[in-house]
Each structure stands twice: as structure tokens, then as C-alpha cells.
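Each reported figure results from applying straightforward, stated rules to the coordinates on display, with no laboratory input. In this text the structure is predicted, and so the values were computed from the model without any measurement. Neighbour counts are summed over all protein chains in view; Cβ atoms, including those assigned to glycine, are modelled from backbone coordinates with ideal geometry.
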């Protein structure tokens, strides 16, 4: 992941943070981080051992959007896709802020999980969704990656103009 594009010291959201791999890196780089996930145990470990990280345990896929109205200089999403909330994710990027988003795409079933098409991006989908939301692409990737394990992935870094 590439973080230097996010303004130093500004708040960053790690969405679907899991055990906090990215939260830890961001906090170590001096960013105040909000790590959000539905796994309370993973978040408790993260909160206990990682200064600079605040955690929020919530279901991102049901009920009211728990992050409504939130704004962050950086939004990081890795290995997570819930299409009904994708526009809400873009709304979290503050003016002048960046989103770094990377997850699996169609064709990944050959290499392993996820296999469910509900969790696999279509070709060009991430890029198209972000630009439709008014974000400007800085970088994009789509295709096969050999590491950390073989997979089909899409990734973008996008910026919301000030």
C-alpha cells in the first residue's frame, strides 16, 4: 500500500480493518487511524497494542450506515467489497483526500477465495465507480498478481479535488 499521498497527521479510515495490518502501518507513520470492522476480538487486540488507532466495531453491510457524515483525509480498503455501500465509501473521502482501494476481481476463483461473484469486481468496475463519484484517478491496476498469493485484483488510488 502507498500512503505518502495522504497529508501527514490527518485522519485516516481503515475500512474492514480485520487484524489491522494497514492500521498499524498508518499509525506508525503518524496518522490518527479509525479502524472499523465487525470482528470485535481483532479490534480489541488492535486497540490494546497500537497507539494512535481508535476502533469501531460495527456491521458495514446491514442497517444504517455507521459512518454517515464521516470525512477522512485517507480511506484505505483492502480485500473487501460490498457494492451496496460503495458510493458511501467514496463519500468518506474529504476534499483534498485520497482513497486507496484494492480487492479481488472476476477470474480469482481459479486461484482461491473469494469465488462468489458478489465479492469480485467486474473489469473496470472500481475505476468507473470512483470516477462516477467525482474522484480523480492517480493510479490504477487490474489483473493477475503473483504475490502475496496468486490472485486477480483491482486497485486504485484516487483523489477528491479540493
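Comparing 110, 138, 77 in a Gaussian network model of the chain, where Cα atoms under 10 Å apart are tied by springs, the biggest mean-square fluctuation is seen for 110. Over region 6-162, Cα pairs under 8 Å with separation of 6+ residues give a relative contact order of 19 percent. From least to most packed, judged by other beta carbons within 10 angstrom and beginning with the fewest, 23, 129, 7 follow the order 7, 129, 23. With the helix formula -39500 (n - 2.57) applied to DSSP H stretches of n ≥ 4, the chain reaches a computed 222 nm mean residue ellipticity of -5500 deg cm²/dmol.
Note on the chain: antiparallel DSSP beta bridges, both residues inside, total approximately 45 percent of the bridges counted. Taking max minus min of the alpha-carbon positions on each principal axis, region 12-159 gives extents of 38, 33, 32 Å, largest first.
Pick from 49, 104, 119 the residue whose mean-square fluctuation is largest in a GNM of the chain, springs joining Cα atoms under 10 Å. Checking each option, the largest mean-square fluctuation is seen for 49.
Largest mean-square fluctuation among 101, 31, 111, in a Gaussian network model of the chain whose springs join Cα atoms under 10 Å apart, belongs to 111. All distinct Cα pairs of region 109-156 go into the 1/r average, and the inverse of that average, the Kirkwood radius, is 11.8 Å.
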